1. When segment 61-73 is examined, which residues are found to be more than 27 Å from F169 (Cβ to Cβ) and open to solvent by 50 Å² or more (accessible area, probe 1.4 Å)?
2. Which condition breaks for V38 when tested against (1) in contact with a Leu (Cβ under 6 Å, 6 or more places away or on another chain); (2) within 16 Å of the ligand (Cβ to nearest atom)?
3. If you scan segment 18-41, which residues turn out to be modelled with pLDDT of 95 or more and open to solvent by 50 Å² or more (accessible area, probe 1.4 Å)?
4. From (1) exposed (fewer than 13 other Cβ atoms within 10 Å of the Cβ); (2) free of Cβ contacts under 8 Å to residues at least 24 places away in the same chain, pick out the condition that doesn't hold for T79.
5. Looking at this structure, is E7 over 26 Å from W62 (Cα atoms) and not aromatic (F, W, Y)?
6. Confirm whether V129 is within 16 Å of the ligand (Cβ to nearest atom), part of a helix (DSSP H, G or I) and either open to solvent by 40 Å² or more (accessible area, probe 1.4 Å) or in contact (Cβ under 8 Å) with a residue 40 or more places away in the chain (or both).
7. So which of S118, S122 ends up being within 12 Å of the ligand (Cβ to nearest atom), farther than 30 Å from V451 by Cα and touching a Ser or Thr at 6+ places or on another chain (Cβ under 6 Å)?
Amino acid sequence: MSLTRPELTAILAADRKHVWHPYTPMDEWRARHDPLVVTGAEGPYLILHDGSRLIDGNGSWWVSTLGHNPQRLVAALETQARALCHVSLAGITHAPAALLAEELAAVAPGDLDQVFYSDDGSTAIEAAVKMSVQYHAQSGHRRSRFLALEGAFHGETIGATSLGGVEVFRRPFASVVFDVVHVPVPEPGVPDWDSAFGAVERILEADGGQFAALVVEPILQGAAGMRLYPAAYLAELSALCRRHGVLLVADEVFTGYGRLGTMWASELAGVVPDILCTAKGFTGGVLPMAATVTNQRVLDAFSGGRGRAFLYGHSYCGNPLAAAVAREVLAVYREERVVEGVPERERAIRECFERLAKDPVTSRIVLGVRAQGCMGAADLRDDPRLAVDGPVPTVETTDDLGSGYTAGVGWRVYDEARRRGAYLRPLGDVVYITPPLNIPMADLERLLGIVEESVRAVAARV
Ligand SMILES: *Cc1c(COP(=O)(O)O)cnc(C)c1O
């Protein structure tokens, strides 16, 4: 659906005046930029105000595992909406929440079969943090400190921010976050991770009895810049936690639902965490909903009356609309064998990113590349020659975005990709793709072609 000129103007004016955008320096943004105006979406494509299409390279911040507006999920949502939009889970249950929990338990790793619902990745983590602290307190341990990985990202609530290891996100809240020890992660591609592991071992040998949990993004750290670390490292950390009575919390918000080619990234390390958090792909990116999944042993520590119960919940816990969609997501995964389709896409992604590293032109700015599952990333080298100081853009010229917030090599690749019909929002100097797991191969080839041409166009300028 295309917008008329007055409709477009009204939307942009209202946004400019009233919308505070996430992760955005608003003064600079309002002075220089106009947002893309999206009016629809279909499969891997976003549809813009003028009817043009952009292939969504990052799956809308990694949530869109089955593409946009998948018809089966939309139909499940419509059916559920006619029957029951919402009711609290307070002494009440309903088919979507009950049956989803059963179906999630069936696909969750190992003995994880107790499902606590919340709203998004951050609240799933928040629930895991509180669960861990109370679990230990009620098991007779004084364990209230947390371990997390350097470069970790676990969301935006204060608990999740405390766990975070991305300095720019944490810094403004340094005075209010709780005590977390960040442990090293082996550099991507470095097979010898003994020294990283040794550091964690020393911390736990000295103070192991103080730690409630180690929270990890298994194998792939998204916000850190799509960094991969060895599965064997996670396996060793898991064994170490077990020896020291530290709970392992797997944040599968991004990696779950097949992103790395297995339903859960934990499987790649042969690890069964004590607590697993899922969001993003949990509803195929259609509605916000999350779950914190644990085992009977953890739940048992909460037995013994109201004084020992987990007194935690959100208004929309188990929301029937989102739960109905989440059930349909699992049905699509089963019936359309979504995860089984990942290796073919991984091959194409890997070949493309490896070419970027080798090609004489693109390798001028490509420092390193990696690919696993439905994720490919390239670390780029910034260069002063790439600085642009463009005019204040209009919607039609958003590809002339200028300095500051959108400075840097990643944004120059973004501009080039935008011109060629792809949305390729970078993470600093890291250009990456996280398309839907079921993206048709022809669309994937098109996206990869745009990535390659865009990096080449930027590299040719240095
Ligand atoms: C996105 C993300 C979160 C936070 O999820 P929200 O739904 O944005 O709150 C937490 N952990 C990881 C690994 C994520 O990628």
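The values are calculated or read from the model by the stated rules, or taken from the named source; none is laboratory data. Because the structure is a prediction, the values reported are computed rather than measured. Using ideal geometry, Cβ is built from the backbone for each residue, glycine included, and neighbour counts are taken over all protein chains shown. Ligands, DNA and RNA are excluded from the accessible area calculation, which covers all protein heavy atoms including side chains. Shrake-Rupley method; radii C 1.70, N 1.55, O 1.52, S 1.80 Å.
1. Scanning segment 61-73 gives N69, Q71, R72.
2. (2)
3. H18, V19, W20, V38
4. With respect to (1) exposed (fewer than 13 other Cβ atoms within 10 Å of the Cβ); (2) free of Cβ contacts under 8 Å to residues at least 24 places away in the same chain, T79 is out only on (2).
5. Numbers: over 26 Å from W62 (Cα atoms): yes; not aromatic (F, W, Y): yes.
So E7 passes the test.
6. Values: within 16 Å of the ligand (Cβ to nearest atom): yes; part of a helix (DSSP H, G or I): yes; either open to solvent by 40 Å² or more (accessible area, probe 1.4 Å) or in contact (Cβ under 8 Å) with a residue 40 or more places away in the chain (or both): yes.
Yes.
7. Going through S118, S122 in turn, the sole match is S122.
Every residue, every condition in (1) open to solvent by 20 Å² or more (accessible area, probe 1.4 Å); (2) away from the ligand (no atom under 16 Å from the Cβ), yes or no:
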residue: G43; (1), (2): yes, yes
residue: I55; (1), (2): no, yes
residue: G59; (1), (2): no, no
residue: A75; (1), (2): yes, yes
residue: L89; (1), (2): yes, yes
residue: L104; (1), (2): no, yes
residue: G110; (1), (2): yes, yes
